[in-house]
């Protein structure tokens, strides 16, 4: 009876990872591509540093979904795990997974901080695309250097109890950092706290601007971006905390030999992990739902810009085609005797 229950939990873990993972992957790829298209097509967004951070985040999110989520579907859902047989793949996957997460969350924090600063007259001069691009480069460099420790302290490890190889942390000190600081703090509570604080401050500033003689165009633009980032923070809190909290408890608790309890833990971790990947998938849909201006911009980008360009290109290609013509007059040369 217990073996049946264990098999049921394992099957539920596999199926939830496969179906839930592919759903998140598909909507995430579509949403992030649409975000990049909109933010790079409109001059309003191209000249806004907060939108620049959102564009970079969307690009990193695509990488995270491909490397992180897609490989997780193969590992948990289909039991295809090359990280157990190749030391390089083990290290490279963990490096890419952690580094892209840190970059994405850093850019999310930059976006909400930038939005707050742009609404404060004394700090607004820091909100330029030039400064934003430099901060993004610094973030990339810092987290890439941070990832070197993953290549040093993550490797294949043979479990003496089960005699199975796994990709895990092999250094005791780094294991403490990994389980007690990296995941719960750097990838969990710290970015959420930063985004909540500055999101609320930006919201207060928008309310304050309404009482002053602020140009309506600028006010609507600031209100749009502030609403988008604030709602995104709220949703991210709801989908991040379950995985961070349960994973932290599971990683630092005593493991029991009861197979049913272990199977239940794996199911909960699998489900909360898939929900956690929503951080990298649902930004576009949040923007679409909360901002009528964003919906109009979406239609404008695809109808008035890209569809119009496609029609012009098609029309131009049609005109430039060379059509063979038959001469009206055919000159004949008679033989001279």
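Confirm whether residue 40 is without any contact (Cβ under 8 Å) to a residue 60 or more places away in the chain, part of a helix (DSSP H, G or I) and surrounded by fewer than 16 Cβ atoms within 10 Å (Cβ to Cβ). So residue 40 passes the test.
Looking only at segment 67-102, which residues are without any contact (Cβ under 8 Å) to a residue 12 or more places away in the chain, assigned to a helix (DSSP H, G or I) and farther than 20 Å from residue 146 by Cα? Across segment 67-102, the qualifying residues are 74, 75, 82.
Being surrounded by fewer than 22 Cβ atoms within 10 Å (Cβ to Cβ), under 23 Å from residue 246 (Cβ atoms) and without any contact (Cβ under 8 Å) to a residue 60 or more places away in the chain is a property that residue 175 has. Flag: residue 85 matches the condition of being over 19 Å from the mean Cα position of the chain (by Cα) and over 25 Å from residue 226 (Cα atoms).
Would a scan of segment 114-130 turn up a residue that is in a helix (DSSP H, G or I), under 25 Å from residue 196 (Cβ atoms) and within 20 Å of the chain's Cα centre (by Cα)? Among the residues of segment 114-130, at least one is in a helix (DSSP H, G or I), under 25 Å from residue 196 (Cβ atoms) and within 20 Å of the chain's Cα centre (by Cα), which makes the answer yes. For residue 83, the stated conditions hold: it is in contact with a strand residue (DSSP E or B) (Cβ under 9 Å, 6 or more places away or on another chain) and surrounded by 17 or more Cβ atoms within 10 Å (Cβ to Cβ). Within segment 43-79, the residues that satisfy the criterion of being touching a helix residue (DSSP H, G or I) at 6+ places or on another chain (Cβ under 6 Å) and under 20 Å from residue 299 (Cα atoms) are 45, 51, 54, 55, 58. Scanning segment 272-281 turns up one or more residues that are at pLDDT 90 or above, within 30 Å of residue 177 (Cα to Cα) and outside any helix (DSSP H, G or I). Criterion applied to 33, 27, 23 was being closer than 30 Å to residue 117 by Cβ, in a helix (DSSP H, G or I) and under 16 Å from the mean Cα position of the chain (by Cα), and the one residue passing it is 33. Of 95, 140, 110, all but one fail to be modelled with pLDDT of 95 or more, surrounded by 14 or more Cβ atoms within 10 Å (Cβ to Cβ), in contact with a strand residue (DSSP E or B) (Cβ under 9 Å, 6 or more places away or on another chain) and more than 24 Å from residue 245 (Cβ to Cβ); the exception is 95. Annotation note: of 233, 271, the sole residue that is crowded, with 19+ Cβ neighbours inside 10 Å and within 27 Å of residue 73 (Cα to Cα) is 233.
Within segment 151-175, the set of residues being in a helix (DSSP H, G or I) and touching a strand residue (DSSP E or B) at 6+ places or on another chain (Cβ under 9 Å) comprises 153, 174, 175. Is there a residue being crowded, with 16+ Cβ neighbours inside 10 Å, modelled with pLDDT under 90 and within 29 Å of residue 24 (Cα to Cα) anywhere in segment 188-198? For segment 188-198, residues crowded, with 16+ Cβ neighbours inside 10 Å, modelled with pLDDT under 90 and within 29 Å of residue 24 (Cα to Cα): absent.
The values are calculated or read from the model by the stated rules, or taken from the named source; none is laboratory data. This structure is a prediction, so every number in the text was calculated from the model and none was measured. Note: ideal-geometry Cβ built from the backbone for every residue, glycine included; neighbour counts use all protein chains shown.
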